[in-house]
1. Which residues, counting only those in the stretch 472-495, are open to solvent by 40 Å² or more (accessible area, probe 1.4 Å) and of a type in the set (Val, Ile, Thr)?
2. Which residues, taken from the stretch 581-604, are under 16 Å from Lys552 (Cα atoms) and polar (S, T, N, Q)?
3. Starting from the stretch 130-153, take each residue that is in the same structural domain as Arg100 (by the TED database) and list its partners that are acidic (Asp, Glu) and open to solvent by 20 Å² or more (accessible area, probe 1.4 Å), counting only C-beta distances under 6 angstrom and pairs at least six apart or across chains.
4. Could you check the stretch 133-148 and list, in sequence order, the residues that are crowded, with 24+ Cβ neighbours inside 10 Å and either more than 20 Å from Tyr172 (Cβ to Cβ) or of a type in the set (D, E, K, R) (or both)?
5. What's the number of the only condition in (1) out of contact with any Lys or Arg (no Cβ under 9 Å at 6 or more places or on another chain); (2) open to solvent by 30 Å² or more (accessible area, probe 1.4 Å) that Glu602 fails to meet?
6. Can you name the residue in the stretch 651-674 that is open to solvent by 30 Å² or more (accessible area, probe 1.4 Å) and not in a loop (DSSP other than H, G, I, E, B) and is also nearest to Ile604 (Cα to Cα) among such residues?
7. When only residues in the stretch 366-387 that are polar (S, T, N, Q) and over 22 Å from Asn324 (Cβ atoms) count, which is most open to solvent (accessible area, probe 1.4 Å)?
8. Residue check, Asn127 against (1) polar (S, T, N, Q); (2) exposed (fewer than 13 other Cβ atoms within 10 Å of the Cβ); (3) at pLDDT 90 or above, all met but one. Which one?
Amino acid sequence: LANLVQGLNSSDPAVKARAVAEAEERLHDQEASKQGESKTAVNRTVINTSASVKVFFPLQLKLYGFLAVLEKDAKERAKRRKRNERLANALKEKGNDAFRKGDYVLAIQSYTEGLEKLKDKQELYTNRAQAYLKMHEYEKAIGDCEWALKCNEKCIKACFLMGKAHLALKHYSESRQCYEKILRIDPQKESLFKECMNEVNLEEKRMEDEERARKAVESGKLAALSIKELLQKLDRPDQNILYYTGGIRLLTGAVKDCTEQTLFRTNNGFSILKDHEVVRRGFCAERKNTAEVDLSVSLLFLWQAVCAGNEENQRLLLTHPDVNVQLPKLLSSGVPEIEEETLALISLFSENENGRRLLVRHQDLTNWLLILMTFVNSPDARASSAMNILSDLTEEERFKTQCRAMLSTGGLPLFTQLLTSAKLVNQAALARCIGIMGNLCADVNIRVQMAECKECWQACLKLVDECFDVSTPKYQECLFAVLGLMMNLLLESNVIIQSLAVDISGRCMSLLRDKDGRIVTRAIGVLSRILPASSSAVEEVVKGGVVKMMIKILKAGGQITSSYAIKTLSICTRSNSQAQDDLVKSDKRFSVLLKLLDSENEMIVGNAAFCLSQCLVVPGAATSLLNSNVVMILLKHAGGDATRTSVQENAAIALGKLCAAEPRHIFQLRKLNGLAILNSSMKYVHSS
């Protein structure tokens, strides 16, 4: 009937005609059926030449009645569906509440009742599948996911849950297919896809390792039965701490490859803390005596051996409640041996993407920035290890998010203290730490907090001042790093930066004579970002001869240095007449600027054109360019297709000002058929 109604409403005349014919046939059959059932059949057929009209008209009336019945039925069904949808939603919420409370049986019952009301509600199938997963009823979960996909073939949640269920059943190929479908549905889910595929690969590898270990033991090729025996020896009750320490060391020596790592796991090696109160108490002691220190170091050695390159063991270790709580405490224990081995253990996690994900998922890293930065005070290898871990963690977005919370109250005050004590700390580690903080500034929230910290700026300036007294290679690395940090912070603009602009620019001017080209480049970079914040700073650097220095640097500098230097010149010449005069005197016939106008770097070209346009107000400047190809160069850029519109605008302005200051340039412009471009450029000249 639904198909018939659809045909009657079709816009296609042929389809509509077939539907009308079918409706008439059904009505005719229905009438004949009624006549056959009546007790007395009377033939009332009347032969009439206009039968087509008289026969069709009653059929048409019956057809309209038939459609009215259908419409009424559709309305009733819509009303029933709306009522059932309300009931189904209420049952879904009841199931969700039970799921959150961990009552999965009630959740499944509620979702099932909801499906009895509305069989095509996709959310009820996926929610029930999730509850089935919690109950380890994986086949039922897969069935519900299949029904959800029938309701909505692009349901990502159904694919995800089905992948989980297949993984639990060790159907690795089917699990991968589910996750691949997620990526086909939504390519932006690549991070979820990678995480899921890593989980499948890890589980498959774990099963392969365990099977390999089992076969090795059964074949007698493996003497690693000692792993099980050594673990059994640790189960002897009423032993002292020295006994366990010795046993753990023997166990560590027996773990040589992934097979022994697997045997350690399958023989409940990670239950050492849970099963032995003496071991757990010694490992968790706040203030450890010598025996407890030895025990803790032995455990850390053991965990390094069993977790190296083994992601499943890493996961089991990090999800152990005691280990989870103790890791940050061990890092800040103040016992060098414990701290060193704890750092070594954490490095196994931080040096690869999956390990870092385990750390950020199972550890509260809020205080780790503070804890790891503290090691800058350490004179030994702990400082380097801590900086390696910190550098690795900054690649994780969740770690940056946690850093924001404690930065102003914990991380930033300690960092400021380390900067002011640069002469006393591990300078190699400090340079790494400054670089890491600079990288964290890619996060806008962190950068704003640091840029608004006056004490941090003052500490940076103090370190710059001390570089003139201390010129060791390690201190130079600190200086290089702090200049990079300052460049990143100067992406922000605030009152504190404006108040310190003269001091910052003055320090940079002093560094322009440094023998290290890297230092000079970054000093110019800081200048190019600090000068827009203060006209007073511009006046001071111009008085200090910045224009002459920049021209000298531009004659020999590389592309990065040149981009900073020409930007610095453009800022100075924009509003300072002395800077304009100095540039004309220092750059005879604008040879340096003309060379920069031929650069492939659009930013350099744009700033060079801007500088030129500002200096053309100096008497005689435009005349000095009469025998040059400046008109052709500017015309090329003004009418070009640079991706930066500022390049075209600055070139057009410079061209207009050039012809206004020295009309003889117009003759060259005419030869190049460039008057149209000049006319179009005049709007820029007037606006400037």
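The values are calculated or read from the model by the stated rules, or taken from the named source; none is laboratory data. Note that the structure is a prediction, hence the values are computed from the model and not measured. Ideal geometry is used to build each Cβ from the backbone, glycine not excepted, and the neighbour counts take in all protein chains shown. Just so you know, the surface numbers come from the protein's heavy atoms only, side chains and all, with ligands and any DNA or RNA stripped out. Shrake-Rupley method; radii C 1.70, N 1.55, O 1.52, S 1.80 Å.
1. Selection gives Thr472, Val495.
2. Correct list: Ser586, Ser591.
3. Hits for this filter: Cys151/Asp120.
4. Passing the criteria: Asp144, Ala148.
5. Going through the list (1) out of contact with any Lys or Arg (no Cβ under 9 Å at 6 or more places or on another chain); (2) open to solvent by 30 Å² or more (accessible area, probe 1.4 Å), Glu602 breaks only (1).
6. Lys657
7. Taking the candidates together, the pick is Asn377.
8. The failed condition is (2).
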